[in-house]
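First the structure, in the form of structure tokens, and then the observations on it.
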Amino acid sequence: MMIIVPATPKKPTPKQPQLMSKLFRRLLVLAGLIITMIFTASLPATADDGRFDGTVIFLRHALAPGNGDPYNFNLKDCKTQRNLDETGRRQARAIGKRIAAANLKIAGIYSSEWCRCLETALLLDLGAVTPFSGLNSFYENHAPREATLATLEAKLASLPRDGAPVIMVTHYVTIQAITMRSVPSGGAVMYDLKTGYARELSLSAFSSAD
């Protein structure tokens, strides 16, 4: 005689742990949003697209294909340096036109002594360009890092906090060291002299000016 043992019914999966897990994840997301809102609200209100007084516009030189400089680099000889190509020259001219359209009263234009920076600054066509060693590149040790940054920091400290903006054409490493921002060739960072706050500046900010 076969004895049939009834199957043990499966216990229902408790839903409470699942609900708690979902609730926990939602709370984490909410906490993240709150932290982001608090951080954003704490940023200086002066660093907006429409405000340029008391700021430095750090501009990385326009497109110059390659990386670093040739082994026979000589600061006084452009032929031994990495230089702008035609695309870079068009880019520099276009940037200059965008800034000019904003009718900003530029207090000065400074440039690294590297040829690609000087050419970028000149092609902006916004006024006289002053070569400045504090903007030189210390990538590959062509310039001493600490001394170069000390020179630049002294210059920044001397600029008026409520004056007209200044343009500084320089290199990736220099911009990153001062502003902690990384930008591509032709990219710009707006640096607030009062607060030290820096952010990448879209060139579309210039087109909206009166």
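Scan region 152-171 and tell me whether some residue there is part of a loop (DSSP other than H, G, I, E, B), at pLDDT 95 or above, under 20 Å from residue 82 (Cβ atoms) and in contact with a Ser or Thr (Cβ under 7 Å, 6 or more places away or on another chain).
Yes: region 152-171 contains one or more residues that are part of a loop (DSSP other than H, G, I, E, B), at pLDDT 95 or above, under 20 Å from residue 82 (Cβ atoms) and in contact with a Ser or Thr (Cβ under 7 Å, 6 or more places away or on another chain).
Which condition from (1) modelled with pLDDT under 95; (2) over 22 Å from residue 96 (Cα atoms); (3) of a type in the set (Asp, Glu) is the one that residue 200 breaks?
(2)
Of all the residues that make up region 105-154, how many are in contact with a strand residue (DSSP E or B) (Cβ under 7 Å, 6 or more places away or on another chain) and either under 14 Å from residue 172 (Cβ atoms) or of a type in the set (D, E, K, R) (or both)?
5
Would you please list the contacts, defined by Cβ atoms under 7 Å and residues six or more apart or on different chains, that run from a residue in region 159-172 that is of a type in the set (Ser, Thr, Tyr) to a residue that is in a strand (DSSP E or B) and surrounded by 22 or more Cβ atoms within 10 Å (Cβ to Cβ)?
If the second residue must be in a strand (DSSP E or B) and surrounded by 22 or more Cβ atoms within 10 Å (Cβ to Cβ), the pairs left are 170/58; 170/60; 172/60.
Can you tell me how many residues in region 182-197 are without any contact (Cβ under 8 Å) to a residue 60 or more places away in the chain and either in contact with a helix residue (DSSP H, G or I) (Cβ under 7 Å, 6 or more places away or on another chain) or among the charged types (D, E, K, R) (or both)?
Final tally of qualifying residues: 1.
Which one is surrounded by the most Cβ atoms within 10 Å (Cβ to Cβ) among residues in region 60-76 that are without any contact (Cβ under 8 Å) to a residue 24 or more places away in the chain and either in a helix (DSSP H, G or I) or under 24 Å from the mean Cα position of the chain (by Cα) (or both)?
Checking each candidate, the answer is 65.
Can you tell me how many residues in region 122-153 are among the aliphatic types (A, V, I, L, M), surrounded by fewer than 16 Cβ atoms within 10 Å (Cβ to Cβ) and within 21 Å of the chain's Cα centre (by Cα)?
Summing the residues that are among the aliphatic types (A, V, I, L, M), surrounded by fewer than 16 Cβ atoms within 10 Å (Cβ to Cβ) and within 21 Å of the chain's Cα centre (by Cα) in region 122-153 gives 1.
Considering only region 77-98, how many residues are over 18 Å from residue 137 (Cα atoms) and assigned to a helix (DSSP H, G or I)?
13
For region 143-174, enumerate the residues that are touching a Lys or Arg at 6+ places or on another chain (Cβ under 9 Å) and among the charged types (D, E, K, R).
161, 162
Out of everything in region 43-78 that is under 30 Å from residue 161 (Cα atoms) and of a type in the set (Asp, Glu), what residue ends up being modelled with the lowest pLDDT?
Of everything passing the filter in region 43-78, 48 is modelled with the lowest pLDDT.
The values are calculated or read from the model by the stated rules, or taken from the named source; none is laboratory data. Values in this document were obtained by computation on a predicted structure and should not be read as measured data. When we count neighbours, we look across all protein chains shown, and the Cβ atoms used for this are built from the backbone with ideal geometry, even at glycine.
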